[in-house]
1. Of all residues in segment 12-26 being β-branched (Val, Ile, Thr) and either part of a helix (DSSP H, G or I) or modelled with pLDDT under 90 (or both), which is nearest to residue 47 (Cα to Cα)?
2. Tell me, yes or no, whether segment 40-56 has at least one residue that is surrounded by fewer than 10 Cβ atoms within 10 Å (Cβ to Cβ) and under 30 Å from residue 12 (Cβ atoms).
3. For a quick check of your reading of the model, give me the residue pairs whose first member lies in segment 1-21 and is under 24 Å from residue 34 (Cβ atoms) and β-branched (Val, Ile, Thr), whose second is modelled with pLDDT of 80 or more and not in a helix (DSSP H, G or I), with beta-carbon atoms closer than 9 Å and at least 6 apart or on different chains.
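The values are calculated or read from the model by the stated rules, or taken from the named source; none is laboratory data. From a predicted model like this one, the values you see are computed outputs, not experimental measurements. Here Cβ is always computed from backbone atoms with ideal geometry, including for glycine, and neighbour counts include all displayed protein chains.
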Amino acid sequence: MSDNSVSSETVTLGDWIVTMILSGIPIVGLIMILVWAFGGGAKPSKKNYARAVIIMAIIGIVLGIVFGIIFSILFAGFYTALSDSISSSYSY
């Protein structure tokens, strides 16, 4: 492998800045991440970055759902216990 092919495969600082800016735009960022991850024209480092972003997003969504369920169950238990104690302390 020559130095020319290695330098053509590297992503420049300007490319990374544009990548970060485009990733931050809500719908455009999602589309671009999918294109970079699964499209054929992205450089290997940008493709790996996009795949890592997708994996981290999936992990975040799964953890959010799990913690949401746990906190909902805990809140329901506290609410039931609190309403029972309040209703038992007042007699009409």
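1. The qualifying residue nearest to residue 47 (Cα to Cα) is 19.
2. Yes; the residues of segment 40-56 include at least one that is surrounded by fewer than 10 Cβ atoms within 10 Å (Cβ to Cβ) and under 30 Å from residue 12 (Cβ atoms).
3. Short answer, once both residue conditions are applied: 10/43; 11/43; 19/11.
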